[in-house]
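Engineer: Pasting a structure here, questions to come.
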Amino acid sequence: MTDRRPALHATDKLAFLLSLVPWLIDHERVSVAEAAAHFGVGVADIRRAVELIAVSGIPGDTAQYQHADLFDIAWDDFEQNDVIVLTNLVAIDDTPRFSAREAAALIAGLQYLSSLPENADRGAVASLMSKLARGASGEPSQVAVAQEGTSEVLALVRDAVERGVQLEFDYAGVRGQVERRRVDPLRVESLDADWYLRGWDHLREALRTFRLDRIASPALTDARITHRAADLSLPDTLFEGSPDDLDVVVEIDAAAAPLLDDYRPSDVEDAGEGRTRLTLRVGHVGTVARLVSGLPGRARVVAPDEARRAVASWAAEAAARYDA
């Protein structure tokens, strides 16, 4: 049967070739018919493109093409079986790659994003994680991101914000006391893998920030909100601090210190050897573990003891997940 597909124009042909090479690399071994079906072109177009790829490359130091300066294919497979296998890649392996550590960090971030309710296309995220692992300069460390069980609460809170209705929930305070709150939800934000709700607290009659993992038994109400974000002055920073906050002393690499600006650190001092010691005010010791885990370099909690114990407990629990 004659292939009646129209011939590719020059610009289309360039885009086609630029897409074909990485696709062939990703699939390793593929038939001409499969490639034609994927790109929506004729099998003759695929054959011509593969033949063109096989005479493409980069000149070496001599400014002339030498052995291994050109792409190459498994010609017997191509001519006898209509199968495409690239046997020599040019410049592809010389491009900058993520280190194994960088790839592991990105994969961990993608695992976290895939757990959020708005990211329904988990197949695309899984595909990207696989490509990151294959494209790294070394094998990334196996990572596991704990699911905190806040997805349902996050979805309900966002629904309340979109509808503009009041939200009721039980909230565990810094000292462990639980109170029923009625809130005008205004904004949902994330920081260091934690999600927060900013809203007008009718119990306190003031703006408050609530951590979603400390919210229990949330329920939408039929009451419309009485305070709106446009009518209130929401602070640029997530945390404003309160008298119940805990002072935590942390020692980190000096280059990482700007990452903690949102916590408004105090008593910042040089700890020597490129290290900085600073004091942060946090609402709960559980925040410290998540904070330290997200810092680059060598982060160390100096005081108080309850914060040190919280970080040690978190680290032990994380290590146990890999042994399970």
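Engineer: Out of segment 291-313, which residues are part of a helix (DSSP H, G or I) and modelled with pLDDT of 85 or more? Show your work before the answer.
Structural biologist: If we filter segment 291-313 for residues that are part of a helix (DSSP H, G or I), which is where we start, we get 291-293, 305-313.
Of everything in segment 291-313, those that are part of a helix (DSSP H, G or I) and modelled with pLDDT of 85 or more turn out to be 305, 306, 307, 308, 309, 310, 311, 312, 313.
Engineer: Suppose we keep only residues that are part of a loop (DSSP other than H, G, I, E, B) and hydrophobic (A, V, I, L, M, F, W, C) within segment 223-235. Which one would you say is modelled with the lowest pLDDT?
Structural biologist: First pass over segment 223-235, keeping only residues part of a loop (DSSP other than H, G, I, E, B): 225-228, 232-235.
Still in the running and hydrophobic (A, V, I, L, M, F, W, C): 225, 232, 234.
Working: 225: 94, 232: 80, 234: 72.
Per the criteria, the residue is 234.
Engineer: What pairs come up if the first residue lies in segment 24-41 and is farther than 19 Å from residue 127 by Cα and free of Cβ contacts under 8 Å to residues at least 40 places away in the same chain, the second is of a type in the set (Val, Ile, Thr) and open to solvent by less than 80 Å² (accessible area, probe 1.4 Å), and their beta carbons are under 7 Å apart, counting only those six or more places apart or on different chains?
Structural biologist: 36/43; 36/46
Engineer: Considering only segment 291-324, state which residues are basic (Lys, Arg) and either free of Cβ contacts under 8 Å to residues at least 24 places away in the same chain or farther than 14 Å from residue 257 by Cβ (or both). I'd like the intermediate steps shown before the answer.
Structural biologist: First, pick out the residues of segment 291-324 that are basic (Lys, Arg): 298, 300, 308-309, 321.
Correct list: 308, 309, 321.
Engineer: Also: Going through 106, 113, 89, 128 one at a time, which residue ends up being at pLDDT 75 or above and of a type outside the set (D, E, K, R)?
Structural biologist: Working: 113 fails: at pLDDT 75 or above; 89 fails: at pLDDT 75 or above; 128 fails: at pLDDT 75 or above.
Testing whether each residue is at pLDDT 75 or above and of a type outside the set (D, E, K, R) leaves just 106.
Engineer: Out of all the residues in segment 303-318, which are open to solvent by 40 Å² or more (accessible area, probe 1.4 Å) and closer than 12 Å to residue 247 by Cβ? Quick ask: steps written out before the conclusion?
Structural biologist: Step one: list which residues in segment 303-318 are open to solvent by 40 Å² or more (accessible area, probe 1.4 Å), which gives 305-306, 308-309, 312-317.
Correct list: 306 only.
The values are calculated or read from the model by the stated rules, or taken from the named source; none is laboratory data. Since this is a predicted model, take the numbers as computed values, not measurements. Methodologically, a virtual Cβ is constructed for each residue, glycine included, from the backbone with ideal geometry; neighbour enumeration extends over all protein chains shown. Just so you know, the surface numbers come from the protein's heavy atoms only, side chains and all, with ligands and any DNA or RNA stripped out. Shrake-Rupley method; radii C 1.70, N 1.55, O 1.52, S 1.80 Å.
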